[in-house]
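The values are calculated or read from the model by the stated rules, or taken from the named source; none is laboratory data. Keep in mind that this is a model prediction, so the values were computed, not measured. FYI the Cβ positions are ideal-geometry reconstructions off the backbone, even for glycines, and counts take in every protein chain you see.
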Amino acid sequence: MIVNPKVRGFICTTAHPEGCQSNVISQINYVKAQPAISQGPKNALIIGASTGYGLASRIVTGFGAKANTLGIFFEKESNGKRTATAGWYNSSSFEQEAQKYGLLAKSLNGDAFSDSIKQQTIDIIKKDLEGKIDLVVYSLASPRRQHPKNEQLFNSTLKPIGKTYTNKTVNVMDGIISKIEIEPANDKEINETIEVMGGEDWQFWIDALLAANVLADGCKTVAYSYIGPELTYPIYRHGTIGKAKEHLETTAKNLNEKLSPLKGNAYISINKGLVTQSSSAIPVVPLYISILYKVMKKHDIHEGCIEQIYRLFAQLYSQEKLALDKSGRIRIDDLEMRSDVQEEVQQIWNKVSSENLAELTDIKGYKDDFYGLFGFNMPNIDYSKDVNIDVKIPSLVD
Ligand code: NAD
């Protein structure tokens, strides 16, 4: 089949298997070119392992630290007519490359919020991962969650709290900047967003793994969060998603106590704002990211998911004392939040319009990254060629 991008709103409904493979291989090559993470994890569980920050975490722990990895994700396989999702192709490529490199890689495709996936994970750890894991990465981003105890369905929303938020936003596809007005969330929407993107499920994971005695001594767990600049506070940090992130960050403190008998630790890493399937759904943020890319590339300090996560794990497993902020969080958003970077971003923000978008921002870089998420716009792929879309994930066939 010849596969072309089909963009609907902020999502692409097709994915190119060879483009996704090329994407995974280039991330692997980046990690292989860095110094090895010699004291790194041996057996890592990555929850949300198929795209974005979770995929980068799987690649860094596998190819940077030679860890066995178990990746959990929720992706769609091809039915022969429709392509699989990008995360499916990414996971297939990851496993194939891991096999060539002599790394054990297992995957589970299903709802990470469910008790059943947690139990299947534990079974695989006992059978294939030496019975214990020493790292749990929590990198889920989901619009909904079915609660495993009462089966209630919760939806997350991206809204301000308290008052209407008005700002500029860009339609990435046509480059038109318009004013957006977002009504504040009600209490139900705030609470449901906390249910979906807060820390309860992370805690359920650690509880289940502890109860099954599959966490090794000294086990680390890390979840990802975001702060960003003041200009996005109303929609992000002070909005519904920010409340969920506060809950996630508080959960880290509880998990630290639960892990203390194992001398284990729970961390929050505040990561940089980047183009991923999840971040492209947030209003206002794509325009901010396009400007941020422009400024960070100009200063030669731009990073993608793989550079960010390599830096995170290099710190986490270094012999040196881990640098944390006042709230106990790891800050790999340090370059994004540099005051000179943020001042320049704000100046461009004040001036940007549909007419000067291409000149003042890196909207091209944003779009390239967006298409890249789905395996398109890769320089080395011939998109006019037929490609097999029915690709298997080796460990899901066994
Ligand atoms: P993403 O959309 O690229 O990845 C989400 C992952 O979660 C995928 O592997 C997907 O399959 C998996 N997933 C979703 N629902 C699932 C379910 N029910 N069961 C199993 N797997 C499921 O997202 P991302 O941007 O990499 O986000 C990962 C984390 O990083 C989130 O917590 C996000 O808030 C955080 N973060 C993102 C940014 C950013 O700019 N993208 C910045 C800082 C922090």
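Things worth noting here:
- Helices (runs of 4 or more DSSP H) wholly inside region 315-398 that include at least 3 residues being touching a residue at least 60 places away in the same chain (Cβ under 8 Å) and more than 28 Å from Thr221 (Cβ to Cβ): 339-351, 357-360, 363-373
- Of the residues making up region 155-190, those that are within 14 Å of the ligand (Cβ to nearest atom) and in a loop (DSSP other than H, G, I, E, B) are Ser156, Leu158.
- Of everything listed in (1) within 15 Å of the ligand (Cβ to nearest atom); (2) in contact (Cβ under 8 Å) with a residue 12 or more places away in the chain; (3) more than 18 Å from the chain's Cα centre (by Cα), the single unmet condition for Ile194 is (3).
- Scanning region 217-234 for residues that are within 8 Å of the ligand (Cβ to nearest atom) and either part of a strand (DSSP E or B) or of a type in the set (Val, Ile, Thr) (or both) yields Ala223, Tyr224, Ser225.
- Among the residues making up region 275-312, those that are aliphatic (A, V, I, L, M) and closer than 15 Å to Val352 by Cβ are Val284, Val285, Leu287, Ile289, Ile291, Leu292, Val295.
- Taken as a whole, region 48-67 holds no residue that is assigned to a strand (DSSP E or B) and either touching a Leu at 6+ places or on another chain (Cβ under 9 Å) or not hydroxyl-bearing (Ser, Thr, Tyr) (or both).
- Between Glu307, Glu303, the distinction of being closer than 21 Å to Asn90 by Cα, out of contact with any Ser or Thr (no Cβ under 9 Å at 6 or more places or on another chain), surrounded by 16 or more Cβ atoms within 10 Å (Cβ to Cβ) and without any contact (Cβ under 8 Å) to a residue 40 or more places away in the chain belongs to Glu303 only.
- Residue count, region 94-121 (criterion: under 22 Å from Ile59 (Cβ atoms) and either exposed (fewer than 14 other Cβ atoms within 10 Å of the Cβ) or of a type in the set (D, E, K, R) (or both)): 7
- For region 69-120, filtered to residues that are near the ligand (Cβ under 10 Å from one of its atoms) and assigned to a helix (DSSP H, G or I), the residue that is nearest to Pro394 (Cα to Cα) is Ser91.
- Any hit, region 201-217, residues being farther than 18 Å from Lys258 by Cα and either modelled with pLDDT of 95 or more or surrounded by fewer than 16 Cβ atoms within 10 Å (Cβ to Cβ) (or both): no
- All conditions but one from (1) more than 16 Å from the ligand (Cβ to nearest atom); (2) over 25 Å from Tyr366 (Cα atoms); (3) in contact (Cβ under 8 Å) with a residue 40 or more places away in the chain apply to Asn4; the one that does not is (2).
- Criterion (aliphatic (A, V, I, L, M) and over 25 Å from the mean Cα position of the chain (by Cα)) met by exactly one of Ile176, Ile206: Ile176
- Taken over region 205-261, residues that are basic (Lys, Arg) and without any contact (Cβ under 8 Å) to a residue 60 or more places away in the chain amount to 3.
- In the set (1) within 15 Å of the ligand (Cβ to nearest atom); (2) under 26 Å from Leu135 (Cβ atoms), the condition left unmet by Lys258 is number (1).
- Residue list for region 264-302, filter: more than 10 Å from the ligand (Cβ to nearest atom), in a loop (DSSP other than H, G, I, E, B), over 18 Å from Leu158 (Cβ atoms) and not small (Gly, Ala, Ser): His299, Asp300, Ile301, His302
This table checks each residue for (1) under 23 Å from the mean Cα position of the chain (by Cα); (2) surrounded by 14 or more Cβ atoms within 10 Å (Cβ to Cβ).
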{"site": "Glu320", "(1), (2)": "no, no"}
{"site": "Ala323", "(1), (2)": "yes, no"}
{"site": "Lys351", "(1), (2)": "no, no"}
{"site": "Asp362", "(1), (2)": "yes, yes"}
{"site": "Leu373", "(1), (2)": "yes, yes"}
{"site": "Asn377", "(1), (2)": "yes, yes"}
{"site": "Asn380", "(1), (2)": "no, no"}
{"site": "Lys392", "(1), (2)": "yes, yes"}
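- Those residues of region 121-154 which are on the phi > 0 side of the Ramachandran plot and away from the ligand (no atom under 16 Å from the Cβ), in sequence order: Glu130, Gly131
- Residue check for Tyr53: touching a residue at least 40 places away in the same chain (Cβ under 8 Å), more than 16 Å from the ligand (Cβ to nearest atom) and either closer than 17 Å to Asn271 by Cβ or acidic (Asp, Glu) (or both): no
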